[in-house]
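The values are calculated or read from the model by the stated rules, or taken from the named source; none is laboratory data. Here the structure is a predicted model, which means the values were calculated and not measured. Ideal geometry is used to build each Cβ from the backbone, glycine not excepted, and the neighbour counts take in all protein chains shown. For accessibility, only protein heavy atoms count, side chains too; no ligands or nucleic acids. Shrake-Rupley method; radii C 1.70, N 1.55, O 1.52, S 1.80 Å.
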Amino acid sequence: MIVEKKIKKIDDISKSEFKNGKLIYYSGEGNINVSFNSDLLVKVNNIVMDGPFKFNADDILEVELNHKIYKNFINLNVSSDKLIAEIKLNKTKLKKWSIKDTNLDSNIYIDYFFTNEDLQDAEITKLIFDILNENKVIYGIQIDSIKKIIETGEGIIAQGKPPVDPIDDKIEYYFGKKEINNITLENAEKVDYYNNINEVDFVEKGSILATLHIGREGTIGFDIYGKPVHPRKRKKINIKNGPGCKILDEINAIAEISGMPKIKNNSICVFPTYKIKGDIDKKVGNIEFNGTIYIDGNVLDGIKIISGKEIIVNGNVNLSELYANADITVSGNVIGSKVIVGSKVANMIKIESYLMFVREFLMKLIQIYKEVSNKNVITDNDKISKLLKIIIISKLKTLKDNIDNMYIDIINTPKTDKDLLQKVQSIHDNLNLISIKGCLEDVFVTLDLTSSLIENIKIDLSPSDVKIAYCQNSTIFSTNNVEITGVGCYNTNVYAENCIIFKNNKSVLRGGKIEAKKIIKAREVGSAIGVTTILKTSKEGLIEADIVYQNTIIMFDEIKFKIDEPVKSFKAYMEKGELRVENLKL
């Protein structure tokens, strides 16, 4: 702004003063010395002054307020994603300015003050654009919003264009629960299709099992600085087929056989399934099938079901036996029954355990015989025989009875390897002969046979699970996990190679023996009257429970710990060879 100037001649040294924003110059001898507030931009004859200067009557004076002063009253806020810029005005400060009046003097100081008059909209608009330019905001400037921002004091001044996310590839499944249609094939292995459903699907040959929906790539956006904002990459998946399934036109999975659909190893499969509608009783008879068996009903008293793959029972199992080489799922209750998953493995474990007991029996027999014979040298065969029989009856009868019971269980277990079973029968026949005849040579021969067979047994622990709602007075065996989803487990022996988990917050574990090599997670264990309940794991395992009552026995291999009073928030584990127990009094 060029300062309006009025010149008056005087016969004295030159002087000047500011009045109402105008400069009155009294021109006499010499020039006027001028200094100014650093907030002001001062020019003389179009030359910017950077400090005090001399000024005469002919000079042209320009004074402007540095816009940086106004910019202190305008805040620009940018969002963290750089897609939105907001302006906030301090309207009480955005006023017009004027030069302060001064006294008449040969030395003057130019200063300023703010008036009560608002800046014009055009001036504020220019300030806003200056701020945008200084901050390099160039994209999405909301010119139409400036008037409203000036009126209200704040608002969005620039808005970028957000990227449009891609639509990921998706597989729509036509089997299992509806919820699985929200998953992709990549994480399908993590989905448990049959945990809480009442019926497992059965599909006919030629059925469409799933369809791959191809997604769409995303669109690039731009931030307020004009820089591109890239969308995430689209998730691309392929629809894969396994046994019993084929892919048509690269998007549809079609059943090649009738059976049970399932996701396995990231592939859609159909497994041969023997599906039975209704209850299985003695009129139907026992069932043996190499594929999966699905029973839409109950398994009633005295039934034995043997499957080469899975068994699914959409009902209860009562006083029966289920044997499967893969998973067993029972949606209802298991009462007085055997549920054996990985039946081949279970048989091998039974046989191995039996042979270990036989070897222990024979080694103890030899040890006791040597202790007695060292005191009294015995050479007569009849006396040796008599001594062996006495030792068996007096010292080893309980162990021999246990071995006999284990043997009976083995020979009554279905699908046991015939060659292995013959060897076990031969060893047991030898044991009975030793008990009857007391032949020392037979003891050593049988011990060698037993030790050799133990060394040659190979157990393939293919992981398979048992999932049941409730069990009572039963035996449960799994080569992986056992899950109890309902009210609990009563007087039942449960074994799992991995974990035993009680899913229901109100489930009760009362009586019996629960054994898992890695983790046991229970809710309520035992009872207020002190029913004996055993929880056993390995030294690397973990036992947790919400409530544990007295007379519950905790075992880590051979290490035992008995609970003497009710506790809650129970946790037990081994650390550096010592048992650690954490709990609170109930």
Handout entry: Selection from Trp97, Ile87, Tyr26 lying farthest towards where the dipole of region 5-159 points positive, charges on Cβ
Key = Ile87
Fill in the blank from the handout: Sorted largest first, the C-alpha extents of region 344-461 along its principal axes in whole angstrom are 49, 23, 18
Problem - Degrees between helix 381-395 axis and first principal axis of the chain (Cα, 0 to 90, nearest 10) - result: 50 degrees
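Using only the Cα atoms, work out Rg/Rh for region 295-342, with Rh taken as the Kirkwood radius, to two decimals. Intermediate results must be reported in sequence, preceding the final value.
Numbers: Rg = 9.2 Å, Rh = 10.2 Å.
For region 295-342, the value is 0.91.
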Completion exercise
For Leu209, other-chain or 5+-apart residues with amide H closer than 5 Å (H placed, Pro excluded) are Ala253, Ile254, Ala255
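On a full-extension model of 0.36 nm per residue, what is the gain between Ile408 and Glu371, subtracting their alpha-carbon distance, rounded to one decimal in nm? Spell out each step's value before the answer.
Working: separation 37, 0.36 × 37 = 13.32 nm, distance 3.21 nm.
That pair, Ile408 and Glu371, stretches by 10.1 nm at full extension.
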Exercise for the section: Measure nothing but the geometry: give the 0 to 90° angle between the long axis through the Cα atoms of 397-411 and the longest principal axis through the Cα atoms of the chain, rounded to 10°. Expected result: 70 degrees
Handout entry: Where labels lie 7 Å past Cα in the beta-carbon direction, separation of Ile13 and Lys126 in nm
Key = 3.8 nm
Exercise for the section: For region 363-373, just list the computed ³J(HN,Hα) in residue order, Karplus coefficients 6.51, -1.76 and 1.60, θ = phi - 60°, integers in Hz, with x standing in for Gly and Pro. Expected result: 5, 5, 4, 5, 4, 5, 4, 5, 4, 6, 5
Problem - Farthest toward positive dipole pole in the chain [+1 Lys/Arg, -1 Asp/Glu at C-beta], among Gly486, Ser331, Pro414 - result: Pro414
Handout entry: Dipole axis of region 344-461 (+1 Lys, Arg; -1 Asp, Glu on Cβ), positive-most option in Ile390, Leu431, Ile351
Key = Ile390
Handout entry: Proximal aspartates and glutamates to Lys136, defined as alpha-carbon separation beneath 18 angstrom and excluding residues fewer than eight positions away on the same chain
Key = Asp81, Glu86, Asp223
Exercise for the section: Measure nothing fancy, just the Cα-based angle from helix 418-437's long axis to the longest principal axis of the chain, in degrees from 0 to 90, nearest 10. Expected result: 50 degrees
Handout entry: Accessible area (Å², per residue) of the chain, counting only protein heavy atoms and a probe of 1.4 Å
Key = 53 Å²
Handout entry: Per-residue HN-Hα couplings for region 16-24 [Karplus 6.51, -1.76, 1.60; θ = phi - 60°; Hz; x = Gly/Pro]
Key = 7, 7, 9, 9, 6, x, 10, 9, 9
Handout entry: Near-label residues of region 58-93 by backbone N, under 13 Å of a point 7 Å along Cα→Cβ of Val3
Key = 58-65
Practice task
With θ set to phi - 60°, apply the Karplus curve 6.51 cos²θ - 1.76 cosθ + 1.60 along region 313-323 and write out the HN-Hα couplings as whole Hz, x wherever there is a Gly or Pro.
Solution key: 10, 8, x, 9, 10, 10, 6, 9, 10, 10, 10
Handout entry: Rough spin-label spacing in nm, given labels placed 7 Å along Cα→Cβ, for Lys147 and Lys560
Key = 9.2 nm
Completion exercise
What helix-only [θ] at 222 nm does the chain give? Using -39500 (n - 2.57) per DSSP H run of at least 4, over all residues, to the nearest 500, the answer is -7000 deg cm²/dmol
Handout entry: the chain, dipole about Cα centre (Lys/Arg Cβ +1, Asp/Glu Cβ -1), debye to the nearest 20
Key = 1200 debye
Problem - DSSP beta bridges in the chain [antiparallel fraction, %, rounded to 5] - result: 45 percent
Completion exercise
Here the FRET efficiency for Asp301 versus Ile390, based on Cβ atoms and R0 = 51 Å and rounded to 0.05, is 0.70
Practice task
Would you indicate which of (1) 53, 25, 23; (2) 95, 33, 21; (3) 49, 28, 22 is the value of semi-axes √(5λ) of the Cα gyration tensor in Å derived from the coordinates of this structure?
Solution key: (2)
Fill in the blank from the handout: With a Förster distance of 56 angstrom and the Cβ-Cβ distance between Asp81 and Asn33, calculated FRET efficiency to the nearest 0.05 equals 0.55
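Between Glu62 and Thr92, 0.36 nm times their residue separation minus their Cα-Cα distance comes to what? Mind dumping the intermediate values first?
Numbers: separation 30, 0.36 × 30 = 10.80 nm, distance 2.65 nm.
Length difference between fully extended and current span is 8.1 nm.
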Practice task
Using label points projected 7 Å from each Cα along Cα→Cβ, tell me how many nm separate Asp50 and Thr532, to one decimal.
Solution key: 10.0 nm
Exercise for the section: Order the peptides 244-255, 106-117 from the highest to the lowest mean number of other Cβ atoms within 10 Å of their residues. Expected result: 244-255, 106-117
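Could you pull out the pairs from Lys400/Lys518; Lys418/Lys467; Lys236/Lys264; Lys364/Lys437; Lys82/Lys147; Lys233/Lys262 whose alpha carbons sit more than 25 Å apart here?
Values: Lys400/Lys518 31 Å; Lys418/Lys467 30 Å; Lys236/Lys264 19 Å; Lys364/Lys437 18 Å; Lys82/Lys147 23 Å; Lys233/Lys262 29 Å.
Long pairs (Cα-Cα over 25 Å): Lys400/Lys518; Lys418/Lys467; Lys233/Lys262.
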Fill in the blank from the handout: Listed by chain and number, the residues whose amide H is under 5 Å from that of Glu154, excluding neighbours fewer than 5 places away on the same chain and using placed H, are Leu89
